Amino acid sequence: MAAGRFVEMKKRGEKFVVLTAYDAPTARLEAEAGVDIVMIGDSVGTNVLGYASEREVTLDDMAHHIAAVRRGAPGVYLIGDLPFATYESEAQALASAARLAQAGADCVKFEGARPDIVRALKREGYEVCCHIGLESQHQEGKRRQGKTAEAAAKLLADALALDAAGADFLVLELIPRELAAKITERLRAPTIGIGAGADCDAQVLVVHDLAALGTRDFKHNRRYVELGAALRAAVASYARDVREGRFPAEENGFSMEAAELAALEK
Ligand code: KIV
Ligand code: NA
């Protein structure tokens, strides 16, 4: 599936919807709910794998989860993250992209202003999503980016260079809405915002944040359902029922035929 249809949507002013998923059942229900693009982010590390940082995520981790998402959502456009330090050189980026594409990614995403890497990937036929603003792989501490005129001008210049290199999408993470609007207006590539205001061409959220499954809470997020609380309560009910003999019930099991039981007891 080609990224071109999202450029067409941008031209028509039609917003599209991106959401992360890391496993087959979540990907399936996102597809059923009409999500346009499923993103397998390196956010899998902190949200699913119990890592302390995105930096611990490996190419094997990404391939494993991309393959699961592909099985759950065979027809959906998938963007997969190249993890930390897997795209240092053009050759390394190409080898890493090949891994993710083989696992089922339609497009590979990486962080930072590296138009050289974009050009190398495009030359080999990969669809490419860039990611600037907050780069979790490369930045620690301060989360909000591009607040000063100087920092904003740098991000705008980076965005233009990545666009000129042929990027198919650009994720803008935690930058001021005015800057995101300006970048969106100037680029051919659709912008996918997270904490970057409503003027981006698309929005992305981490599904664990949207569903309140994680331990963290963010200003840029909206909790659409308290799935963590619901799951905890369900598990507590199950535990109580087991301990008090209320689960399993009659209807959860099955019996032997009377004759078989009699034969057994002979
Ligand atoms: O890893 C991720 O989920 C991401 C999105 C938040 C853009 O990079
Ligand atoms: Na990421």
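Since every read-out is calculated from the coordinates, none of them should be taken as a lab result. Worth saying up front: this structure is predicted, and the values here are computed from it rather than measured. Backbone-built Cβ (ideal geometry, glycine too); neighbour counts: all protein chains shown.
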Sites removed, the longest contiguous part of the chain containing no DSSP-loop GluC sites (Glu not before Pro) with at most 15 other Cβ within 10 Å is 141-225
Over region 29-118, the quotient of the Cα radius of gyration and 2.2 N^0.38 Å is 1.06
Under the Karplus relation 6.51 cos²θ - 1.76 cosθ + 1.60, θ = phi - 60°, what is the ordered set of whole-Hz ³J(HN,Hα) values for region 104-111, x standing for Gly and Pro? x, 6, 8, 8, 10, 10, 9, 9
Which angle between 0 and 90 degrees, to the nearest 10, do you get for helix 90-103 versus the longest principal axis of the chain when only C-alpha atoms count? 30 degrees
Note the full-extension length gain between V235 and E260 as 0.36 nm times their separation in residues minus their Cα-Cα distance, in nm to one decimal. 5.4 nm
Cα centroids of region 103-171 and region 199-266: how far apart, whole angstrom? 39 Å
Size of charge dipole - the chain - debye, nearest 20, with Cβ of Lys, Arg +1 and Asp, Glu -1, no other charges: 880 debye
Compute the projected area of the convex hull of the Cα atoms of the chain, averaged over all viewing directions, and report it in nm² to one decimal place. 18.8 nm²
